[in-house]
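Visitor: Following this message is one structure expressed as structure tokens.
What follows is calculated from the coordinates using simple rules that are stated; it is not laboratory data. Just so we're clear, the structure is a prediction, and the values are computed from it rather than from any experiment. As a convention, Cβ positions derive from the backbone with ideal geometry for all residues, glycine included, and neighbour counts pool all protein chains shown.
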Amino acid sequence: MLFNSIEFIVFFGVIFTLYWIAPKKWRWLLLLIASYFFYMSWEPIYIVLILISTAIDYFLCLHMTGSSDQRLRKYGLALSIFLNLGLLFTFKYLGFFQDLMQHVFHAFGAEYHASSLQLLLPVGISFYTFQTISYSIDVYRGNLPVERHFGKFALFVSFFPQLVAGPIERAGDLLPQVKRDDIKLESEDLRDGLLLFIWGLFKKVVVADQAAMFVDTYYASYSHQSGGFLLFATYMFALQIYCDFSGYSDMAIGIARMLGIRLMDNFKTPYFSSSMTSFWRNWHISLSTWLKDYLYIPLGGNKGGKFRTSLNLMTTMVLGGLWHGANWTFIIWGALNGFFLSIEKFFHRLLPERGLFLKGISMFIVFHLICLGWIFFRSQSVGQALTILNKIIHLVPFDLYFILADNRFSGAIIGALILIFLEAQIPFQPFTAFRKKNVVYRYSIYILLITSVLLLGVSGGAQFIYFQF
Amino acid sequence: MKQTLWKIGIVLLIVIGTDRGLGWYFDKKYASNHFHYANGHLNYYLQKVHCDTLLLGSSRVLDGLVPQVFGQRTYSIAEASKHLGWCAAVLDLMQQYGRLPSKALIINIEPEDFLNEFANKLKSDVHYLKYYYDKNPFIQSEINRSSPFEWVKYLSSLYRHNGNSLILLTNPWQQIGRLPTLNGYCPISPTPQDSVRTLQDIDRAHYPKPVLNSSTAQHYFKHIKSICKKNHIELIVITAPFFKPSQRSVECGQLMAKYLAKENTRYLNYIEKDIGELNQLRFWFDNHHFVDAGAQKFSVLVKKDVQLP
């Protein structure tokens with residue numbers, strides 16, 4: 001059940017109505033049932049994994065809190081992390097590591113017989129695993145009181161708006177909200193939630209799904225395509241992945257908001273960043289901050305000199321890349337970004353951020369470095385990425401007219417123009433600043449967004465890119 | 001809260017007004033569209049053409065069969081990437097509009113359409129005819145099969161033009177796809193890359209033995225067959241050739257032949273038939289599409305084989 005499907009809108013309409021008319025003390029139960037139903041609409045059996053993950057963290061954290069022995073507490077945390085990552089490894093990385101082992105054994109002239117077990121990747125496993133790990137670590141560190149109500153803890157793990165593709169919420173933010181039974185339907189929440197949902201829907205179905213048609217066509221037939229078209233397809237992918245993922249996040253935040261629950265921001269116009277550091281502060285914020293708090297800082301952060309900082313950055317980004325998928329392309333993507341960040345940290349500031357012109361040049365450079373990474377991210381193999389890169393480097397001038405005049409892609413281009421216009425005007429919070437604009441302007445934009453969704457939106461389009469992670 | 005609900009209500013009213021107004025505008029645009037994209041050729045056909053023989057299928061018919069080789073009263077309503085579901089719906093529309101061919105229907109069916117994995121593709125092809133949702137009962141019922149709530153989308157007048165609106169607006173500026181002059185045929189001109197592309201596209205992969213048991217494809221095929229039978233139209237199914245077909249294509253073609261024999265339908269399977277001179281690279285754009293010269297030769301071959309009166 002995708003957010004951009006009519007089934008979801010009907011489902012949410014029912015849940016929204018029941019939620020606000022249900023007795024306050026049972027709302028958590030309604031949300032929990034709705035969340036499990038939502039998740040089971042993909043593959044019912046994988047609800048077992050969420051239940052296992054929930055039970056592991058619930059009981060181990062209770063055990064940690066109940067024990068005064070530091071060693072036992074440490075074992076409890078280690079076991080929680082091991083079991084959670086074990087689930088993730090089994091379902092996401094087993095095939096990849098078996099292939100790797102086969103290559104290593106083969107290189108030494110030995111035989112390695114991989115298991116023929118083929119597991120379907122459970123949707124959202126990387127998201128809820130990281131969410132529960134952060135809970136265990138926070139409880140271990142004493143930053144968070146343990147949750148004793150199993151049902152409410154289960155709701156924290158499985159809260160449907162952010163279950164399958166984030167934002168990866170911290171227990172300290174989400175748990176107190178799902179535990180509250182005095183939430184009232186505020187007009188501001190309803191209005192902003194609805195608007196964020198429409199904004200996210202517009203990004204997904206008008207821009208991302210239309211751009212996807214172009215990207216899929218050209219990346220699938222990359223060997224026949226010229227560098228110019230592949231470069232344009234890469235720009236379109238940058239647009240697609242941003243609108244797909246930030247669109248999902250906006251919809252998730254909007255849905256939660258309509259239920260009176262506030263989720264963290266996940267994107268803050270990242271392509272307007274004039275440094276790599278700034279880009280990573282504004283892109284997939286919930287993952288970036290997770291990696292910073294639970295990996296980069298424990299590794300030593302920037303406290304061990306420039307080389308140590310660079311090493312920590314590289315480690316964090318490579319693991320961040322691997323989090324996205326079991327493929328060398330994601331590892332290289334992470335390494336590339338880690339390398340750019342390290343260079344930037346090493347030389348303090350490489351790119352100027354002051355003055356409109358210089359900032360514009362910096363934004364241009366940062367955007368292209370990010371696009372370089374996207375080539376690996378989007379490609380099926382490293383070989384494909386290198387071929388595409390090679391073609392782009394040996395770019396011959398091409399007639400942009402052919403792309404612009406091809407009306408199969410004009411929808412994405414028009415959608416992108418509306419997006420850039422709105423995001424450039426109202427950075428960070430589209431509808432908070434937006435409310436200050438005059439009424440005619442605001443209503444025109446609402447109508448424009450809804451009409452665009454009806455006329456240009458890809459109906460029954462592809463699922464969200466980040467569901468596969 | 002009251003004020004917010006009022007505002008939401010006002011926005012909703014404006015949206016409904018805009019939807020109806022723009023819907024009316026795009027309906028007019030659609031009705032006068034005769035460009036290739038956004039079903040313009042189909043529209044033109046439904047409004048202006050009466051033919052003896054109709055050619056139907058995907059791009060392998062669109063740029064692979066030349067209607068005029070079959071005679072001046074032969075017309076092609078083929079469309080790139082459209083398969084059996086689309087063909088069944090189009091034929092139903094023609095029946096409704098009284099534009100069925102008077103003698104024969106030559107339809108290209110890819111045997112792979114009968115694989116279960118293509119069922120969703122066949123169904124989704126019907127959605128390209130969403131303009132006719134409330135005009136044609138067959139199209140409406142096929143679209144409604146995709147989801148129990150699909151009808152909700154059609155409460156909007158604009159949604160029937162979803163995906164076509166920009167094309168309808170920009171068609172007059174397009175250089176390609178103007179009013180059909182070749183009875184619906186779209187020739188492909190040769191390019192220096194053709195032979196490279198054709199050789200690269202040859203499918204050498206090894207697949208498990210195919211099973212052609214898609215109930216969706218059978219449902220669409222039977223619909224086409226029943227329309228032809230009811231209107232005394234001769235139905236001839238063909239499968240256009242491939243440049244060096246894969247083993248899987250050959251196997252699929254053989255299974256298809258068995259199925260169509262059971263259905264008492266004439267079938268010309270060019271995957272296995274000797275296509276003589278057409279085996280030369282110069283006739284191909286890629287391994288499943290002809291360039292114009294190839295299409296001309298292939299059409300002559302098909303005309304000879306079908307032996308229409």
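Visitor: By the gyration tensor of its Cα atoms, with a ≥ b ≥ c the square roots of the eigenvalues, what is the shape of the stretch A:6-183: rounded for a/c under 1.5, prolate for a/b over b/c, or oblate?
Guide: Taking the square roots of the gyration eigenvalues as a ≥ b ≥ c, the stretch A:6-183 is oblate.
Visitor: Let me ask something else about it. Of the options B:Asn108, B:Cys51, B:Ser141, report the single residue whose Cα projects farthest towards the positive end of the charge dipole of the stretch B:2-306 (beta-carbon charges: Lys, Arg +1; Asp, Glu -1).
Guide: Final value for the positive-end residue is B:Ser141.
Visitor: Filter B:Lys244/B:Lys273; A:Lys292/A:Lys345; B:Lys225/B:Lys258 down to the pairs with a C-alpha to C-alpha distance above 18 Å, please.
Guide: As for pairs spanning more than 18 Å Cα to Cα, there are none.
Visitor: Continuing with this model, one more query. Less than 14 Å Cβ to Cβ from A:Leu32, Lys/Arg counted +1 and Asp/Glu -1: what total charge do the surrounding residues give?
Guide: It works out to a net charge of +2.
Visitor: Residue separation times 0.36 nm, minus the C-alpha to C-alpha distance between A:Leu30 and A:Arg71: what's the value?
Guide: Length difference between fully extended and current span is 10.9 nm.
Visitor: Could you give the C-alpha radius of gyration of the stretch B:1-153 expressed as a fraction of 2.2 N^0.38 Å, taking N as the number of residues it contains?
Guide: It is 1.28.
Visitor: Moving on. Below 15 angstrom from the Cβ of A:Asn312, what's the summed charge of the other residues (Lys, Arg +1; Asp, Glu -1)?
Guide: +3
Visitor: Would you mind counting up the charge near A:Glu147? Only other residues with Cβ under 14 Å from its Cβ, with Lys and Arg at +1 and Asp and Glu at -1.
Guide: Within the 14 Å Cβ shell, the charges total +1.
Visitor: Can you give the Kirkwood hydrodynamic radius for the stretch B:2-306, in Å, rounded to one decimal and based on Cα pairs?
Guide: 20.7 Å
Visitor: Further question: Hey, with R₀ at 41 Å, roughly what FRET efficiency would B:Asp134 and B:Asp305 work out to, going by the Cβ-Cβ distance, to 0.05?
Guide: With a Förster radius of 41 Å, E is 0.50.
Visitor: Over 26 Å between C-alpha atoms is what I'm after, so list which of A:Lys204/A:Lys391; A:Lys436/B:Lys2; B:Lys121/B:Lys153; A:Lys204/B:Lys123; B:Lys7/B:Lys130 land there.
Guide: Going by Cα-Cα distance, A:Lys204/A:Lys391; B:Lys7/B:Lys130 fall outside the 26 Å limit.
Visitor: Can you list, largest first and rounded to whole Å, the semi-axes you get for the protein assembly as shown by taking the square root of 5 times each eigenvalue of its Cα gyration tensor?
Guide: Working from the Cα gyration tensor, I get semi-axes of 49, 32, 27 Å.
Visitor: Further question: Under a plain spin-label model, where a point goes 7 Å from the Cα along Cα-to-Cβ, how far apart in nm are B:Lys229 and B:Asn213?
Guide: Modelled inter-label distance: 2.4 nm.
Visitor: Lysine pairs in the stretch A:6-183 with Cα distance under 26 Å, only those 8 or more apart or on different chains: how many are there?
Guide: Close lysine pairs under the 26 Å cut-off: 6.
Visitor: If you don't mind, there's one more thing I want to ask. Would you mind working out the magnitude of the charge dipole of the stretch B:89-183 relative to its Cα centre, with +1 at each Lys and Arg C-beta and -1 at each Asp and Glu C-beta, to the nearest 20 Debye?
Guide: 400 debye
Visitor: So how do A:Ile331, A:Ile414 line up by other beta-carbon neighbours within 10 Å, fewest first?
Guide: The fewest-first ordering by Cβ neighbours comes to A:Ile414, A:Ile331.
Visitor: Give the longest segment of chain B that steers clear of chymotrypsin sites (Phe, Trp or Tyr not before Pro) in DSSP loops with at most 15 neighbouring Cβ atoms within 10 Å, not counting the sites themselves.
Guide: With a cap of 15 other Cβ atoms within 10 Å, the longest stretch comes to B:155-309.
Visitor: Further question: Kindly state, to the nearest 0.05, the FRET efficiency for A:Ala107 paired with A:Leu295, given R0 = 30 Å and r defined as their beta-carbon distance.
Guide: Once rounded, the FRET efficiency stands at 0.50.
Visitor: Same structure, new question: Which number comes out as Rg/Rh for the stretch B:80-162 once both Rg and the Kirkwood Rh are worked out on C-alpha atoms?
Guide: 0.99
Visitor: Quick one: putting +1 on the C-beta of Lys and Arg, -1 on the C-beta of Asp and Glu, what dipole do you get for the protein assembly as shown around its Cα centre, in Debye to the nearest 20?
Guide: 1380 debye
Visitor: How would you classify the stretch B:232-301 from its alpha-carbon gyration tensor, with a ≥ b ≥ c the square roots of the eigenvalues: rounded for a/c under 1.5, else prolate if a/b is greater than b/c, otherwise oblate?
Guide: The shape class here is oblate.
Visitor: Would you please name the trypsin sites (Lys or Arg not before Pro) within the stretch A:160-227 that are DSSP coil residues with at most 11 other C-beta atoms within 10 Å of their C-beta?
Guide: Qualifying residues, ordered by number: A:Lys184.
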